[in-house]
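Since the structure comes first, as structure tokens, the remarks are kept for the end.
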Amino acid sequence: QTRLVESGGGLAQPGGSLRLSCKASGTILSVFTGSPMGWYRQAPGKERELVAAFTGSGETVYGDFVKGRFTVSKDNVKRTHYLQMTSLEAEDAAVYYCQLRPYGGTREYWGQGTQVTVSS
């Protein structure tokens, strides 16, 4: 029943920026507020890897490759979480997926994926 809709992917130049959004529907505001959620990415021939996420306690974690370039945030009222990416590199090109595990539940939900391309 829970659905995640992503937006904001596209083409960026090296050194440029993109902001990805993930809108959740089918979840109660109070549940969303306490839910772990984040972003993962997958390039062709590679495993899906963590980009950035909120833990169940509200703390943030980042993949080792981020190196301060990306920031995850959220708006509980809008039931939306974001990934602000700056200083993009060619190696960042991948399909990015948002993820949510409703608080108190056991199942994870995933967005459809949005393509990020970095090229001159």
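The values are calculated or read from the model by the stated rules, or taken from the named source; none is laboratory data. None of these values were measured; they are calculated from a predicted model. Cβ placement follows ideal geometry from the backbone for every residue including glycine, while neighbour counts extend to all protein chains displayed. Note: areas computed on protein heavy atoms with side chains; ligands, DNA, RNA excluded. Shrake-Rupley method; radii C 1.70, N 1.55, O 1.52, S 1.80 Å.
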Measure off, as a whole percent, the carbon and sulfur share of the 1.4 Å-probe accessible area of the chain, all protein chains present.
-> 48
With the dipole of the stretch 1-62 defined by +1 on each Lys or Arg Cβ and -1 on each Asp or Glu Cβ, the option from Ala12, Ser57, Tyr40 whose Cα lies farthest towards the positive pole is Ala12
PRE zone check, label point 7 Å out along Cα-to-Cβ of Ser87, amide N under 13 Å, scope the stretch 8-42, hits 15-17
Computed, not fitted: 222 nm per-residue ellipticity of the chain from DSSP H runs ≥ 4 (each -39500 (n - 2.57)), nearest 500, equal to -1000 deg cm²/dmol
Value of relative contact order over the chain, rounded to a whole percent, pairs C-alpha under 8 Å and six or more apart | 37
In whole Hz, the Karplus estimates of ³J(HN,Hα) for the stretch 48-56 (6.51, -1.76, 1.60; θ = phi - 60°; x where Gly or Pro) are 5, 10, 5, 9, 7, 7, 9, 7, x
Inter-label distance for Thr33 and Val95, nm, one decimal - labels placed 7 Å from Cα along Cα-to-Cβ = 3.5
